[in-house]
Every structure is written in structure tokens, then in C-alpha cells.
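I have placed the structure first, in the form of C-alpha cells, so that the comments after it can refer back to it.
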């Protein structure tokens, strides 16, 4: 090792990277992220070297940490090839051995610590592993289950300050849960770690002096939406976003008293282990739709959900209430709440639904049209700001990898799904004459219709 070379000089962090390194000393779950070009992958690998050397000085030799990417090609491109170029020969050895697999081992004089280089194609294979730190490069490329699984393997004998670090850009399948914890700081008191263990360092391309002027100019002159994502690090706009029309300033409004003359509707997407989502909508005389109330809850049976919907509905009357068509499927037995389908159970407990259309792409196209505000100066779909789950989840949805015109259903699409059922129902109601000839409505549902409900039935052949 050359004399007079300190670890700080070797890493030479930018001010933001230094902030992240200091955060790893004080927080269990630090995240370095934001726009492109902030040096996230770089500081993760060097941060692990820094931590191993520090532990060696404290008497902890041979400590093992992990550096994870979503798959091996990404691990090779973002980390392994960079280590081979950046890490000096006197610091350690990059190798692929039968004992450690692909790893970087510091030389004995620096403690002999190991950076295990791993992919996350199947996180369960690490269930019996131990890492003093697990660092995930591009955290948003993973579901929250991956984060939770790795939390369980972050441990090392004699070391108290273990950690799970992340570096990421906005977007991808994990955008919603990452934004929820580190940006919006919304925590589940049962499932999530304490909020005080989380810290976010926002990185921007302008924070990195190694970015060329031409690169910064290219980012700053992108179309407005992309500029917000790549240059400004705006977590409401990101690469791969399905509803790129979303703009909080355009689509979220203060609640107001809805006139009695406006038509009202309810729409429902079923879930028990996954969340159930119900939305309340009003339609004004100009054709603008307002979502003014929502229910988003998990763990309830159909009869309990019906009770919640009735309680929130009060004495309001609706032109129709539409639901996930799957609840009309015969479940093969009469459940404890008295229905042979979930729709029957809802009806027996006072909430009657008509089946929504499950033509997904057609439905998403309608959502695009109603969210669009450039063509109309204001969108035809707006949300009261109390509809927090819709406002949170809908803009986080991404394109399906294999069917880009569809939403990736691994995301939190429950509020979006019930919105899709509502818009498809309104759209199909405009051509009811053809639909009435092919509609099959269950007898139990006909009995629930009030004479003045003015319902338009949908084609249940979907």
C-alpha cells in the first residue's frame, strides 16, 4: 500500500456521497438515490470497503458483507467490472471461488473482510446466510418482500451496527414501497422497522463533479417530464411510468361539497390478503369525474367489507356500483356469510354490484384519456386529496415487461383496477342497446335493484 494514502483520499467522495457514508454510520437503512449520474453504485462498493476496514481496526477481522443486484448481468456490469478497474491490487483480490463464490476479499493487513457479490433472482436462497451489511444496488428493481427477506439475514457475531443499504433511481417495480418508506415516510407499525432507522440522501447529476458538461446539458434539455425524473430527481415522474400524464398539481384537488344533482357511482376491486379497494365517484354536467372517497383495507371478509362500504356511503344513492368480475365466480360452496359467490355475499349484506369489464388494455386506455390534461387544459378525472391511496399508488404503476400496453400487475394496482372498472362501465353504458341483448343478470341481483336506480348493465361475457 502506498504510504500517506488515507481511505478518504482513496474514495474521494462527493459531498452527497460523503453524506451517505456518514449516514451508514448512524442509520440502519440509509438510501442514496434520485436522478441519474449521482454515483450510487460507486459509493455502495466503496462504502462496504470503508466499513470492513473500520471493523478490522476495531478488532473484527474476516467480516462478511453482501453487495446485491437484481440479476447477474447487472451485477457484472454495475459492480464486478468496476471493482476490477477501481480497486488497487494492494487492497484485495476479486475472485470466484468454491468457498465464497464471486467475491472481493481484502488482504489480511486490512482485516481480510469479504464483499460477497450476489444476485437477487431468488432471495430465499440466502435464508441461512449472514451478512453484517447487505447493500442493494438499484433497490427499486425489487419488491418489498426482497427487502424484508434480506433484513432477516443482516447479522454478525459481535457487531451491533449492522445495516441494509440501498442505492436507486425512481421507477421500476419497487418504486411505490421505496417512495413510501424513504420519501413519504409512511410506515406500518407492525411490518416495518422504526422510522428513525431510515435516512434518505438525494443525489442529483449536478452533485457529481465527474459528470461532463455535455452529459448535464443533455439531461437538462430533455422533455419536461423526463427532465423532472432524470435531472431533478422527482419521485412523481420516472422511467417506465405507465401513467405519464399524472401530475399532482393537475389531478389532486381540495374536497368540496358535491351537488345533489351530480350522478354518483361506486367501484370495487376485491382483496383479502391483498388490499381491497373501493372508490366513490361523482360525475358533473361537463363530464368530469371526481373521486371523492376511498376505502383501502386488507384482511377483511366480504361481509365485513360490505359493512365498511355501507358505513362510508351513508344515505347516498348511486347510479350503479361496479366490481371486479372475479367476485361473480361460483366458489362451489355457500360461505359462512350466505353467498355462493362473493357478489352474493356482498348483496346479502346490503351492497349490490354489477360485474365490471376485464378488458384491461381498453380500460387503461380510458384511464389515460381521462388523466390527460394537455388536450383539455384540465383533466377529466380529478381526485380529492383525502384519496391518499389512489394518489400514492396510481402514479407508481409501470409497464408490464412482456406486454408493454398493460400495467405490471405486480405493482399496487388495486385503486387503478377499480378506477378502470368504473370508466369502462361509464363508457359501455353509452352503447347499452347492444349490451342489453347479451346481458345475463343473476336473479338475486335483480331483486336488489330499486325502481329508481336507473342501472345500466354490462356485458358479462368478458
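The values are calculated or read from the model by the stated rules, or taken from the named source; none is laboratory data. In this text the structure is predicted, and so the values were computed from the model without any measurement. Cβ atoms come from the backbone with ideal geometry, glycine included; neighbour counts cover every protein chain shown.
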Practice task
Could you tell me which numbered condition residue 177 fails, if it satisfies all but one of (1) out of contact with any strand residue (DSSP E or B) (no Cβ under 7 Å at 6 or more places or on another chain); (2) touching a residue at least 24 places away in the same chain (Cβ under 8 Å); (3) surrounded by fewer than 21 Cβ atoms within 10 Å (Cβ to Cβ)?
Solution key: (3)
Exercise for the section: Select, from 144, 161, the only residue that is surrounded by fewer than 22 Cβ atoms within 10 Å (Cβ to Cβ), within 15 Å of the chain's Cα centre (by Cα) and in contact (Cβ under 8 Å) with a residue 24 or more places away in the chain. Expected result: 144
Completion exercise
Counting only helices (runs of 4 or more DSSP H) wholly inside segment 27-121, the ones holding at least 2 residues that are closer than 22 Å to residue 204 by Cα and assigned by TED's automatic domain parsing to the domain that holds residue 151 are 40-57
Handout entry: Failed item, numbered, when residue 305 is tested on (1) within 28 Å of the chain's Cα centre (by Cα); (2) loosely packed, with under 15 Cβ neighbours inside 10 Å
Key = (2)
Practice task
Would you point out which residue out of 457, 384 is modelled with pLDDT of 95 or more, surrounded by 16 or more Cβ atoms within 10 Å (Cβ to Cβ) and on the phi < 0 side of the Ramachandran plot?
Solution key: 384
Exercise for the section: Sort out which residues of segment 241-274 are part of a strand (DSSP E or B) and either touching a helix residue (DSSP H, G or I) at 6+ places or on another chain (Cβ under 9 Å) or crowded, with 18+ Cβ neighbours inside 10 Å (or both), and write them in order of number. Expected result: 241, 252, 264, 265, 266, 267, 268, 269
Practice task
Consider residue 20 carefully, then state whether it is assigned to a helix (DSSP H, G or I), surrounded by 24 or more Cβ atoms within 10 Å (Cβ to Cβ) and at pLDDT 95 or above.
Solution key: yes
Practice task
Would you check if there is a residue in segment 359-376 being within 16 Å of residue 243 (Cβ to Cβ), in a strand (DSSP E or B) and modelled with pLDDT of 95 or more?
Solution key: no
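Taking the options 115, 80, name whichever one is touching a strand residue (DSSP E or B) at 6+ places or on another chain (Cβ under 8 Å), surrounded by 12 or more Cβ atoms within 10 Å (Cβ to Cβ) and free of Cβ contacts under 8 Å to residues at least 40 places away in the same chain.
On inspection, the qualifying residue turns out to be 80.
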Completion exercise
All conditions in (1) crowded, with 17+ Cβ neighbours inside 10 Å; (2) more than 23 Å from the chain's Cα centre (by Cα); (3) more than 17 Å from residue 47 (Cβ to Cβ) are true of residue 155 except (1)
Practice task
Output yes when any residue across segment 90-103 is in contact (Cβ under 8 Å) with a residue 40 or more places away in the chain and surrounded by fewer than 21 Cβ atoms within 10 Å (Cβ to Cβ), and no when none is.
Solution key: yes
Practice task
Output the strands (runs of 3 or more DSSP E) that fall wholly within segment 275-325 and possess 2 or more residues being out of contact with any helix residue (DSSP H, G or I) (no Cβ under 8 Å at 6 or more places or on another chain), under 27 Å from residue 261 (Cα atoms) and in the same structural domain as residue 381 (by TED's automatic domain parsing), or say none.
Solution key: 289-297
Practice task
Please go through segment 130-145 and pick out each residue that is over 10 Å from residue 68 (Cα atoms) and modelled with pLDDT of 95 or more.
Solution key: 130, 131, 132, 133
